[in-house]
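Everything below concerns the one structure shown next.
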Amino acid sequence: MFKRDLVLEQGWQSLLVNLETFLGKKPKDLNGVLFIIGVQELGKGFLRFSKEEKQDLMHIAICKVLSLSGYYELEGLDKDGWPHWKMVKKLPHFDLLEQEKLLKMHVMEYFENEAYF
């Protein structure tokens with residue numbers, strides 16, 4: 001278990017370095033990376049977003065990355081072009097640390113699949 005956590009953390013740190021190189025600024029944490037994914041999935045560039053819109057972007061990102069394992073499915077876009085997702089499979093019951101690990105694994109998979117760098 002410890003080795004798996006170490007491999008996850010090394011991969012995560014590598015992703016942060018790649019994002020810093022690509023964006024010119026290193027995301028502070030998982031939430032920052034989720035925001036970047038949300039903006040990417042919205043497809044409207046880095047605009048000014050309200051606090052509520054930033055939360056919505058992070059929700060979009062969480063749904064997108066968890067869709068890689070079949071937890072969510074894209075329902076479609078609303079009239080403003082914002083994606084809407086539906087849960088199709090229940091998420092496992094994890095504590096906060098395990099939830100963060102699950103999200104980090106899926107975020108890394110997202111960037112591997114999307115080949116941004």
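The values are calculated or read from the model by the stated rules, or taken from the named source; none is laboratory data. Model, not experiment: these values are computed from the prediction. When we count neighbours, we look across all protein chains shown, and the Cβ atoms used for this are built from the backbone with ideal geometry, even at glycine.
Observations on the structure shown:
- Reported count of residues in segment 17-37, each being of a type in the set (D, E, K, R) and either crowded, with 17+ Cβ neighbours inside 10 Å or outside any loop (DSSP other than H, G, I, E, B) (or both), is 1.
- The residue pairs whose first member lies in segment 2-31 and is of a type in the set (F, W, Y), whose second member is in a helix (DSSP H, G or I), and whose beta carbons are closer than 7 Å, counting only pairs six or more residues apart or on different chains, are W12/K104; W12/M108.
- Hits in segment 87-117 (condition: farther than 15 Å from V33 by Cα, surrounded by 11 or more Cβ atoms within 10 Å (Cβ to Cβ) and among the basic types (K, R)): K89
- Filter result for the condition that a residue is at positive phi and modelled with pLDDT under 95, over G76, G45, G70: G45
- The one condition in (1) at pLDDT below 95; (2) part of a helix (DSSP H, G or I) that Y116 fails to fulfil: (2)
- Every test in (1) outside any helix (DSSP H, G or I); (2) at pLDDT below 95; (3) within 15 Å of V65 (Cα to Cα) is passed by W85 save one, and that test is (2).
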